[in-house]
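Okay, so here's the structure we're looking at.
The numbers here are math on the coordinates, done by the rules we state, and not lab data. Quantities reported herein were computed from a predicted structural model and do not represent experimental measurements. When we count neighbours, we look across all protein chains shown, and the Cβ atoms used for this are built from the backbone with ideal geometry, even at glycine.
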Amino acid sequence: MEQFIFVDAAQIVTCEGPARSRRGAEMSDAGVQTDAAVVIEGERIVAVGAQPHLERDFPAATRIDCSHAVITPGLVDSHTHAIFGRARYEEQEQRAAGAGYMEIAARGGGIHSSVADLRKRTEDELYDLALPRLLRLASYGSTTIEIKSGYGLSVEDELKSLRVVARLAATVPMRLVPTWLGAHEIPLDYRDTSQRRGDYISMLLNELLPIVATEKLAHFADVFCEPGVFTIDETRTILSASRRAGLGLKLHADELEPHGGAELAVELQAVSADHLAAVSAAGIGALAGSATVATLLPGTMMFLGKHNQAPARSLIDAGAAVALATDFNPGTSPTFNFPLILTLGVSQLRMTVAEALTAATANGAAALGLAGETGQIAPGYSADLAIFDADDAREIPYWYGDRRCRSTWARGKPCHA
Ligand SMILES: [Zn+2]
């Protein structure tokens, strides 16, 4: 198998450590090495450490020049909604002019417009729209990308979305992790009576979930648990059934109001509770005492013009494991730029650079149940690397909005260069 040795890097951010999330103070050590090299063979990392030793031990390896570059583990984007049809750029100005969620929906925008649009499109169209988006995410450093369904909201259209993810996963070098988000919203065709709400949940659990599980179309189930969307009790019902069907669990929790979403994620032993801009003190305490990763999405709050970012500092100081992700989606976070999320992590969430890098790698991996597979530059791990034009890791969030990523390698293959 061909070997490559990545040499002359200014720094290597290894995030090396145990195969689990980094919690609290553990997040402040990103394992930065200097005068070091990385060797990969096939799909695996085989060595990281002092460059002269590795040059001696692997003389036949093909050399990759990384001068004036910082190597990090391939970034792990653990929360995206990348399967959608058209962009929703018109809503940005409407929001700036003061229109709220309900008014934008009344003008034909919002999530229901993405649902109506996706339902009209074929699997091939959705594939062709998603493929360049995923390559663009990789061009900013992401090598593992979680992708949720949730703009179909019918048996046929949710399966269509997840089948697109499966086709993409077989095509691109990046690792794609499919999540079933049939409970993203109650679709308009189930809103004529309150009884219909229960009918939608029955459809999810009795018709859709068995197919998702049998065809292994998703690794995780997720629910948008928020007042006015899915209640705590409904979320518990949907996720408990999903777990019985063999899926791991994730939760959209406490984005807008503190109502116990984080506590429910901990109760159900979900791999992650995501958003958390409005998490309560009790929710912070519950996360800190659990293995559930707190996944924060600061790009969403910035893009929506909100000022209440998630309390990353309180979560980390309490001992929780924090991950960062893009929340890439057409309504509230249309960005491919994961390093920009690191900028927001430092400048708005008041994380250190080491904490932000850990959040985007080892903890993102833990939020996908992949802590033993990716998110670290360590022997045995997947050969997932991002190489940034920089002489110091602190430049990655510093040059904000810039695309400093020189190349990205996933499972030993270049995704872009
Ligand atoms: Zn989301």
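Taking 13 Å as the cut-off, the amide N atoms of the stretch 282-319 that come nearer than this to a point 7 Å along the Cα-to-beta-carbon line of residue 25 belong to 317-319. The trypsin sites (Lys or Arg not before Pro) of the stretch 160-207 that meet both conditions, a loop assignment by DSSP and at most 16 other Cβ atoms within 10 Å of the site Cβ, are 191.
Among the trypsin sites (Lys or Arg not before Pro) within the stretch 18-95, those in coil by DSSP and having at most 13 neighbouring Cβ atoms inside 10 Å are 86. Please list, by residue number, everything in the stretch 207-231 whose backbone N is under 20 Å from a paramagnetic label point 7 Å out along Cα→Cβ of residue 269. Answer for the stretch 207-231: 219-223. Counting Lys and Arg as +1 and Asp and Glu as -1 over every other residue whose Cβ lies under 15 Å from the Cβ of residue 415, the net charge comes to +4.
If each residue of separation counts as 0.36 nm, what is the full-extension length gain between residue 120 and residue 155 once their alpha-carbon separation is subtracted?
Using 0.36 nm per residue and subtracting the Cα-Cα distance, I get 11.2 nm.
For the pair residue 103 and residue 394, the difference between a 0.36 nm per residue extended length and the Cα-Cα distance amounts to 100.6 nm. Under a model in which nothing but the beta-carbon of Lys, Arg (+1) and Asp, Glu (-1) is charged, the stretch 75-191 shows a dipole of about 180 debye around its Cα centre. Selection among 141, 165, 113 by position relative to the dipole of the stretch 79-204 gives 141 as farthest towards the positive end (Cβ unit charges, Cα centre).
In the stretch 218-263, taking the dipole from charged Cβ atoms about the Cα centre, the farthest positive-side position among 246, 261, 223 is held by 246. This model, with +1 at the C-beta of Lys and Arg and -1 at the C-beta of Asp and Glu, gives the chain a dipole about its Cα centre of some 280 debye. Can you give the FRET efficiency to the nearest 0.05 for residue 55 and residue 314, using r as the Cβ-Cβ distance and R₀ = 51 Å? For residue 55 and residue 314, the calculated efficiency is 0.65. Comparing 316, 53, 302 along the charge dipole axis of the chain, the residue lying farthest to the positive side is 302, per the Cβ-charge model.
Of the chymotrypsin sites (Phe, Trp or Tyr not before Pro) in the stretch 88-149, the ones in a loop by DSSP (not H, G, I, E or B) with at most 10 other beta carbons within 10 Å are 89.
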